[in-house]
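The structure appears right after this line, and notes come after that.
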Amino acid sequence: MYRAVPNTTPLVLIPGMMCDGRLYGPQIAAFSGVRAVQIAPIAAHDTVEALAADILAGAPPRFALAGLSMGGIVAMEVLRQAPERVDRIALLDTNPRAELDAVKQRRAPQMQAVRDGDLACVMREEMIPNYTHVGTDRPDLDRLALDMAIGLGAEVFLRQSRALMSRPAQMDTLAAYAGPALVLVGESDRLCPLDRHTQMAELLRNATLEVIAKAGHLTTLEQPDATNTALARWLED
């Protein structure tokens with residue numbers, strides 16, 4: 001649950017696939033001194049609808065909501081289910097579209113490998129190489145990403161994969177929302193490229209689009225200062 005801080009809106013942060021609260025370490029450090037900050041895990045169910053319902057069951061009555069990657073996908077479903085409770089939304093390095101059949105087909109061998117006990121191999125060889133800015137070497141972030149994934153385990157990988165495969169498109173959800181919105185993406189995000197974010201910013205009625213230089217998919221960790229500056233403007237709007 002959350003702790004109330006007078007005169008501030010609580011902030012709910014949803015991590016991405018196979019990530020825990022450490023994905024938002026710099027943001028917790030920056031914002032938790034002045035507002036309640038709640039990490040909302042997405043590990044217990046295999047549909048985004050059930051994950052979003054769980055978050056709403058434990059969230060404050062009204063809150064600011066931010067999610068990165070799969071966390072942004074679940075955040076959009078939270079917004080669909082209870083728009084009146086979302087004071088503002090930040091969508092980071094994410095995708096409003098339903099999953100393409102070609103992507104679903106690529107998930108099948110990954111999921112089988114994880115069932116066979118190769119989660120670490122799948123993460124090291126197929127997932128983590130796409131996380132950071134093109135041309136940079138960030139072994140610290142690679143190690144953190146692997147540690148988060150191993151800590152969550154194979155069953156979470158499988159549940160989250162199924163949730164992503166069956167997720168709904170959320171374009172209508174975004175078009176109906178009038179609250180302050182931040183759409184943020186790393187300039188070289190290979191998993192959720194810029195065109196997805198341009199689309200979201202155009203759909204949302206009150207959105208700011210921020211492209212973070214020298215960042216890939218993990219903007220919160222790769223460029224925490226620039227990301228925090230954008231989040232602070234959004235929170236104070």
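The values are calculated or read from the model by the stated rules, or taken from the named source; none is laboratory data. The shown structure was predicted, so the numbers you read here are calculated from the model rather than taken from an experiment. In case anyone asks, the SASA skips ligands and DNA or RNA and just uses the protein heavy atoms, side chains included. Shrake-Rupley method; radii C 1.70, N 1.55, O 1.52, S 1.80 Å.
Taking region 152-188 on its own, how many of its residues are open to solvent by less than 10 Å² (accessible area, probe 1.4 Å) and either over 20 Å from Pro109 (Cα atoms) or of a type in the set (D, E, K, R) (or both)? Counting residues in region 152-188 that are open to solvent by less than 10 Å² (accessible area, probe 1.4 Å) and either over 20 Å from Pro109 (Cα atoms) or of a type in the set (D, E, K, R) (or both) gives 8.
In region 123-151, which residue that is small (Gly, Ala, Ser) and open to solvent by 40 Å² or more (accessible area, probe 1.4 Å) is modelled with the highest pLDDT? By that ranking, first place goes to Gly151.
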